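Student: Can you keep this structure in mind? I'll have questions shortly.
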Amino acid sequence: MNYKVGIVSLGCAKNQVDAEMLLFTLKNRGFTIVNDPADADAVIVNTCGFIDSAKQESIDEIIELGKLKQEGTIKAIIVTGCLAERYKNEITKQLYEVDAAIGIGANQKIADVVLEALNGKKTELFPDKSLLPMEGGRVQSTPFYTAYLKVAEGCDNCCTYCAIPLIRGHFRSRQPDEVIKEAEQLAANGVKELNVIAQDTTRYGEDLFGEPYLAKLLKRLCRIDGFKWIRVLYCYPDRVTDELIDVIAEEDKIVKYIDIPLQHCNGEVLKNMNRQGNRESLTALLNKIKAKIPNVIFRSTFITGFPGETEEQFEELADFAAEIKFQRLGCFPYSKEEDTKASLMENQIDDDIKQKRADIIMEHQQSVMAQYCESLVGSEVEVLVEGYDKLAECFFGRTYADAPEVDGCVFFTCNGEKPKTGDFVKVKITDYMGCDPVGERV
């Protein structure tokens, strides 16, 4: 029988790449891949287990799919990804809808697990997480013109608030030649925007060569025909080297956009997070980057309400955000994650205070983003076309300043020849709406 399989992938882009590799394995075994879970015989939920809200989203998705199973629309639910890796056998115990739960080390066995689930066999499989395959084919789930390239797996930073090292294991880089081979295939498939990712992209190669290799890898990626934009995400501030800054500044294909999650700026808070630096050192780093890359866009994330964060330390963070004026910023209240060192710390902060502090920073961020949009009015920007909004009756796309899925977009009208999705066009910015620039095609 030709079984149909759907997949719901939650969480980060790194998880999405894992899902694409699962789809490739299933397709090679003869399964038909469907986009709508309601059309499937079996549905895989590739879960996120990073923070409470992400875990709840995964659980809610499983429960909703359970309703389809109860109605007889689908026959089996298989849970993979970080939530399954983290809670293992508890998944099937707590969620009766689930027919199989497997850890990330069992991803290469997904086809057998799906068949067993469809034949009524409950499966719980949790081999060593280091067995997660880093090489193999993918069924690209992103639009044809953009893709993620995962260069490493796991994390060795061991920030005290983070469960990722517990879930994904030690940091391990892919071999450069394998990365290049995959990138060449993506380019041949029509990908124009390549987004380089890992838990800590800037650590790439340290385990292979004893020194950072990201800058060298980026140079090789820039030699591949077909890519117009290469974007580097998930940079760790301690590992942003002069060599890396120079490569980003000098290579035309690398967009002048640096995703650098800082989490905080107060030295004591950062030390308690098992991170380095303070406001002075972080400001110096950002200023050095801006000096070499004048039009650089910074994306960062902050955590408010980390255990022991005082009002003064929070105010320092808020002042820092106001001083730097990050064009892209997310601020999140601290999430107490079990089995992490921070969860055992004294002076845990009330949820309302944590949320209020995050809200204060994000309210100010709205004005920063509005100022950035205002600065674009009258200028011409290059836009990667992503589609047409029938309701707004205009096209939309992204500039180099907008990473896929996490940032905003540009809305624009076009009086002449209509652009196609995946085209690059010039747009003159005439106004902005909320935090999104508005313009017309030149």
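The values are calculated or read from the model by the stated rules, or taken from the named source; none is laboratory data. Predicted, not measured: the structure shown is a model, and the values here were computed from it. All Cβ positions, glycine included, derive from the backbone under ideal geometry; neighbour counts span all protein chains shown.
Student: Just to be sure before I move on: is ILE258 over 19 Å from the mean Cα position of the chain (by Cα), under 30 Å from TRP229 (Cα atoms) and β-branched (Val, Ile, Thr) in the structure I sent?
Tutor: no
Student: Checking the condition out of contact with any helix residue (DSSP H, G or I) (no Cβ under 8 Å at 6 or more places or on another chain) and over 20 Å from ASP407 (Cβ atoms), which residue from ARG279, ARG174 passes?
Tutor: Selected residue: ARG174, the only one of ARG279, ARG174 that is out of contact with any helix residue (DSSP H, G or I) (no Cβ under 8 Å at 6 or more places or on another chain) and over 20 Å from ASP407 (Cβ atoms).
Student: For the range 20-35, indicate whether the set of residues that are in contact with a strand residue (DSSP E or B) (Cβ under 7 Å, 6 or more places away or on another chain), over 17 Å from GLN108 (Cα atoms) and part of a helix (DSSP H, G or I) is non-empty.
Tutor: no
Student: Which of the residues that make up the range 302-333 are of a type in the set (D, E, K, R), farther than 14 Å from TYR372 by Cα and touching a helix residue (DSSP H, G or I) at 6+ places or on another chain (Cβ under 7 Å)?
Tutor: Across the range 302-333, the qualifying residues are GLU309, GLU316.
Student: Name the single residue that is surrounded by the fewest Cβ atoms within 10 Å (Cβ to Cβ) among those in the range 69-92 being of a type in the set (Ser, Thr, Tyr) and within 15 Å of VAL113 (Cβ to Cβ).
Tutor: Once the filter is applied, the top-ranked residue is THR92.
Student: While we're looking at this one, here's another question. In this structure, is ARG231 under 24 Å from ALA188 (Cα atoms), surrounded by 21 or more Cβ atoms within 10 Å (Cβ to Cβ) and either outside the structural domain of GLU405 (by TED's automatic domain parsing) or small (Gly, Ala, Ser) (or both)?
Tutor: yes
Student: Just to be sure I understand, how many residues within the range 53-94 are under 17 Å from GLY120 (Cα atoms), assigned to a loop (DSSP other than H, G, I, E, B) and not hydroxyl-bearing (Ser, Thr, Tyr)?
Tutor: Residues that pass the stated criteria total 3.
Student: Still on this structure, please answer the following. Please specify each residue of the range 36-52 satisfying the condition of being in contact with a Cys (Cβ under 8 Å, 6 or more places away or on another chain) and outside any loop (DSSP other than H, G, I, E, B).
Tutor: THR47 - this is the single residue of the range 36-52 that is in contact with a Cys (Cβ under 8 Å, 6 or more places away or on another chain) and outside any loop (DSSP other than H, G, I, E, B).
Student: While we're looking at this one, here's another question. When only residues in the range 102-126 that are in contact with a strand residue (DSSP E or B) (Cβ under 7 Å, 6 or more places away or on another chain) and without any contact (Cβ under 8 Å) to a residue 24 or more places away in the chain count, which is surrounded by the most Cβ atoms within 10 Å (Cβ to Cβ)?
Tutor: Per the stated criteria, the residue is GLU116.
Student: Of everything in the range 405-441 that's in a strand (DSSP E or B) and among the hydroxyl-bearing types (Ser, Thr, Tyr), which residue is nearest to GLY330 (Cα to Cα)?
Tutor: Here the residue is TYR432.
Student: Quick one: ALA42 ticks every box in (1) in contact with a Phe, Trp or Tyr (Cβ under 6 Å, 6 or more places away or on another chain); (2) more than 14 Å from SER141 (Cβ to Cβ); (3) buried (at least 21 other Cβ atoms within 10 Å of the Cβ) bar one, so which box is it?
Tutor: Status for ALA42: all satisfied but (1).
Student: Here is a follow-up. Can you work out which of the residues in the range 235-263 that are without any contact (Cβ under 8 Å) to a residue 40 or more places away in the chain and touching a Pro at 6+ places or on another chain (Cβ under 7 Å) is surrounded by the most Cβ atoms within 10 Å (Cβ to Cβ)?
Tutor: Residue satisfying both the conditions and the ranking: ARG239.
Student: I would also like to ask the following. Does the range 95-125 hold any residues that are touching a helix residue (DSSP H, G or I) at 6+ places or on another chain (Cβ under 7 Å) and assigned to a loop (DSSP other than H, G, I, E, B), and which are they?
Tutor: Within the range 95-125, LEU95, GLU97, VAL98, ASP99, GLY103, LYS122 qualify.
Student: From the list VAL34, VAL43, VAL8, VAL79, pick out the single residue that is over 16 Å from ILE102 (Cα atoms) and of a type in the set (A, V, I, L, M).
Tutor: VAL34
Student: Something else about it: Return the only residue of ASP112, ASP99, ASP36 being out of contact with any Gly (no Cβ under 9 Å at 6 or more places or on another chain) and acidic (Asp, Glu).
Tutor: ASP112
Student: For ILE248, only one of the following conditions fails: (1) farther than 27 Å from PHE332 by Cα; (2) assigned to a loop (DSSP other than H, G, I, E, B). What is its number?
Tutor: Answer for ILE248: the failing condition is (2).
Student: Please specify each residue of the range 402-437 satisfying the condition of being touching a residue at least 40 places away in the same chain (Cβ under 8 Å) and either assigned by TED's automatic domain parsing to the domain that holds PHE227 or closer than 11 Å to CYS373 by Cα (or both).
Tutor: The answer is ILE429, THR430, ASP431, TYR432, CYS435, ASP436, PRO437.
Student: Here is a follow-up. Of the conditions (1) without any contact (Cβ under 8 Å) to a residue 60 or more places away in the chain; (2) under 24 Å from ALA152 (Cβ atoms), LEU23 fails just one. Which one is it?
Tutor: With (1) without any contact (Cβ under 8 Å) to a residue 60 or more places away in the chain; (2) under 24 Å from ALA152 (Cβ atoms) applied to LEU23, the lone miss is (1).
Student: Looking at LEU217, is it surrounded by 21 or more Cβ atoms within 10 Å (Cβ to Cβ) and without any contact (Cβ under 8 Å) to a residue 12 or more places away in the chain?
Tutor: When the stated conditions are applied, LEU217 does not pass them.
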